[in-house]
1. What is the number of the single condition among (1) of a type in the set (Ser, Thr, Tyr); (2) crowded, with 18+ Cβ neighbours inside 10 Å; (3) within 16 Å of ligand 1 (Cβ to nearest atom) that Ser397 does not meet?
2. Considering only region 49-90, state which residues are outside any strand (DSSP E or B), aliphatic (A, V, I, L, M) and without any contact (Cβ under 8 Å) to a residue 60 or more places away in the chain.
3. Go through region 412-426 and report how many residues are within 10 Å of ligand 2 (Cβ to nearest atom) and outside any helix (DSSP H, G or I).
4. Which of (1) over 26 Å from Ile267 (Cα atoms); (2) at pLDDT 90 or above does Leu340 not meet, given it meets every other one?
5. Within region 446-471, can you find the residues that are in a helix (DSSP H, G or I), near ligand 1 (Cβ under 10 Å from one of its atoms) and in contact with a Cys (Cβ under 8 Å, 6 or more places away or on another chain)?
6. Which residue out of Val274, Val262, Val288, Val312 is over 19 Å from Gly148 (Cβ atoms) and not in a helix (DSSP H, G or I)?
Amino acid sequence: MQPITLHSFDGGIHPQENKHQSTQTAIAPLPLPAQLVIPVGQHIGAPADVIVAVGDLVLKGQVIAQPKGFVSAAVHAPSSGKIVAIEQRELPHSSGLEGTCVIIDTDGQDQWLEDIANGSREISDYLEADNDVLVNRIRDCGITGMGGAGFPTSVKMAVKDKQIDTLIINAAECEPYITADDMLMRERAIAAMHGIQILMKLTSADNCLIGIEDNKPEAIKAMEDALHSVHGEHHITVVTVPTKYPSGGEKQLIKILTGKEVPSGGIPSAIGIVCQNVGTCEAIYRAVAEGKPLISRITTITGESVEQPQNVEVLIGTPVKHLLAFAGFKQEKSLFQKLLGSFNASSNSESESKPRLIMGGPMMGFTLSSDELPILKSSNCILAPSQKELPANDIASACIRCGLCTEACPADLLPQQLYWFSKAGELDKAEQHNIADCIECGACSYVCPSEIPLVQYYRHAKGAIKEERATQLKSDRSRVRFEARQDRLDREAAEKEAKRQARAATAEKAQAAKKAAALAQQKEAAEEAAKNGDPANPDSGPPDSGSAESKAPEPIDLEKLQKQLDAAQAGLKKSMDKIAELKAEAENSDDPAAPIENIEVFEKAVATRRDKVKLLAQQITEAKKLAPPVKKEITRDDIEKKLRAQQDRIDKTQQRFQLAQEQGSETLPALQKGLDKQMQKLKELEADLAQFDKAGA
Ligand code: SF4
Ligand code: SF4
C-alpha cells in the first residue's frame, strides 16, 4: 500500500485536551439503573413508532419502537422490565424540545430475548452474506451514527448506485475531554475492525482509511494490531493524523486524508467517500455477528466535579444522574448554570441552582437542563466541569473586528459576518454566507477575545431558517391546495352559470313564443270583434297595436259568453218560431196585411239575433283557444243528455219540415239541410255512446 499523503484544512485550534483524566481505567460496566427513559426519536429522520403498551413486560433487546419510513431507526429495550409510561418528556438536545419516551422500570434480571441469548441471530459468515441481509440486520438493530447527529446507518449504506472508492473511519475524536472512541479502540479494536470489513463489503469501497489523532498512541497500536485479525486481503490503513481541533469534523477529516473537499451543501458520497464513526463500526459488528441491537454505548464521564473520570458502558436511556452517582459527582465543585461557562456549550440560565452538566464536549456540547435526562445512542460524553475548569463567560463584550474567528474557522466561513446577520435576524444574508456549512465546532467562540457565544447565534439562526423553510413549505402546500380548490370552485361556478343561462334563454324563448301567440290571437279576436261589433262591448274596435302590447289581456268570462249565446239562440229560435206562426196565421187570415207586417218585423229581429249568435259563437271559440284546456271527464249521462237534446231538436225540425212541406214553403231546402246536419250530429253522439260503452266494458 502506498504511504498516505496527509493534507491540512484551514483554520483550527489547539485547545487544552484534558483527555488523560478519563483514560486511566478500563471501560467500566455501569450498574443497572432502576428506571430507563428511552426516547423513540434519537436519530435524524422520523421518530420510530412505539409498539408496546404501558404494563407490557419486555426483555432486553426487544423492539419497543419500529422505524417509521426510510430515514428512521428501531429502538429496543436496553434491559428487561415493565413499561410504566409512554409519555412526552424533555429530550437531551440544545433545543430543549420534548419527544415521546418509553419508560421502563427495570426488573434487575437484565434478561436477553431468547434468540439473542441463544445465539440464533448470529451471522458468523457475514463476509459471504447477502448485502441486503446485512443492511436489514443493521436497520433492525437500530444502528445509528454514534459520533455525530445519529444518522441511520442502514440509510447511509444504501449506496448501490454511487461509486464509493474510499471508506473513511472517523476515529480522530478531536474534542477535548472525550475519550470514548479512544477507549473503545484500545479495548475493542478487533470488533471495530470486523465492523469496518462489513462496511467495506457493503460499500464496495476500494480502500479504507482509519483516521486517528496522534494523541492516542494506544488506540493506534490496538487498531494496527487488529488489522492482523482481518480475514483475507484487505486495503485498510490506520492513518495517524496531527492533533488539531476539529480534525474529527467529517469534511475536515476527508480533506486531511484525501485532499478532497466536499462541496458546499453536498455530502461525501458525492465525491466517492463514505464516512463512519469507529464506535458505529463496533456496533455494526455486534449487530451482525452477535445479533445484538444498539442498546448501550461507551460514554465518557469526566470533569473536575466527578471523583473518578472514566469511560463506562452505559445503557441507552440511563438517567445522567445515575452516571454522576457512579463517577462520584461532587456538588460543591460543580459549575452552576448561572455561571455560563465553556466556549460553546449553550446553557439554560433559568435553572440557577442546578449543577452545570454538558452533554458532549466543551466545544460542541450543550448544557443539560436536568440530570434526569437520559443517555442517547449519540451521547459520547457527560462533562461536569468545576468553576475553575471552565470559567464563567456570561458577559460578552462588543465585537472588536479582530478577525481571529475567521482565522480559526475550519469551514472557511466568515464567523463575524455570520454573527452580525444572525444577531440582526438577516437570515437570507446568513444563508448567502453559507451558514449551513458551519459545523458548530466552536473554534470561533474559543478564540473570540470578546467572549461572544458565536455558535449560539448560529444555532439560533439555523433553527430559525429551518423553521422558516418548514413554514414556507407548509404555506406553499397550502397555497397550492387553496389554488386548486379555487380553480375547482370557479370551474363549477362557471358550469353552473352556463347551465343557468341556457335554461334562462330557453325559458325566455318559450315565454316570447307564448306571448307572441297570445298577442296574435288577441289581435285576431279584436279585429274580428271590430269587424262584427261586440254586443257585450259595443265600443270595442280593432285593438290599438301600440296599446295591445302594453295592456295585459283581460280575462275572458267563458261562462258569461255561453249564457249570452244560449240566450241569443233562444231568442233567435223564438223569433223564427213566431215568423213561422205568423206566416201560418197570415195564410189562414182574411186580412193578410197585418201578419205580413209583423212577419217583416220578426224577420229583421231574426237577422240581428242570427248575427249576434254568430259573433258570440266566434268569441267563445277564440276564448276557448286562449283558455287553458279544461279536461272534463265525460260521463255516459252527458252523452245521453246530448242525445236526448239532439233528438228533441230533430223532432221539432221534422215538425217544421212537415208543416213547410204541407204549406209548400220556400224554407223547405234550408230546413232539409238543417235536418241533415242534426241527423249527422245525432249519429256522432250515438257513436260516442257506443264507444263509451265499449271502453267501459
Ligand atoms: S473573534 Fe470575536 S471580536 Fe474578533 S472579529 Fe470575531 S467575533 Fe469579533
Ligand atoms: S463559524 Fe462555524 S465552522 Fe466556523 S469556526 Fe465558527 S462554529 Fe466553527
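1. (2)
2. Ile51, Val52, Ala53, Val54, Leu59
3. Looking only at that region, the number is 3.
4. (2)
5. Val447, Leu454
6. Val312
Per-residue answers, yes or no, for (1) within 14 Å of ligand 2 (Cβ to nearest atom); (2) under 44 Å from the mean Cα position of the chain (by Cα); (3) of a type outside the set (A, V, I, L, M); (4) closer than 30 Å to Ser8 by Cβ:
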position: Asp371; (1), (2), (3), (4): no, yes, yes, no
position: Lys377; (1), (2), (3), (4): no, yes, yes, no
position: Ser386; (1), (2), (3), (4): no, no, yes, no
position: Leu390; (1), (2), (3), (4): no, no, no, yes
position: Ala396; (1), (2), (3), (4): no, no, no, no
position: Pro410; (1), (2), (3), (4): yes, yes, yes, yes
position: Asp428; (1), (2), (3), (4): no, yes, yes, no
position: Tyr458; (1), (2), (3), (4): yes, yes, yes, yes
position: Arg469; (1), (2), (3), (4): no, yes, yes, no
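Okay, residues lined up against (1) within 26 Å of Val262 (Cα to Cα); (2) in a helix (DSSP H, G or I):
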site: Glu122; (1), (2): no, no
site: Asp132; (1), (2): no, yes
site: Val135; (1), (2): yes, yes
site: Ala172; (1), (2): yes, no
site: Pro176; (1), (2): yes, no
site: Met183; (1), (2): no, yes
site: Ile196; (1), (2): yes, yes
site: Leu199; (1), (2): yes, yes
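The values are calculated or read from the model by the stated rules, or taken from the named source; none is laboratory data. Note that the coordinates shown come from a computational prediction; the quantities given were computed from them, not determined experimentally. A quick note on method: Cβ atoms are made from the backbone with ideal geometry, for glycine too, and the neighbour counts reach across all protein chains shown.
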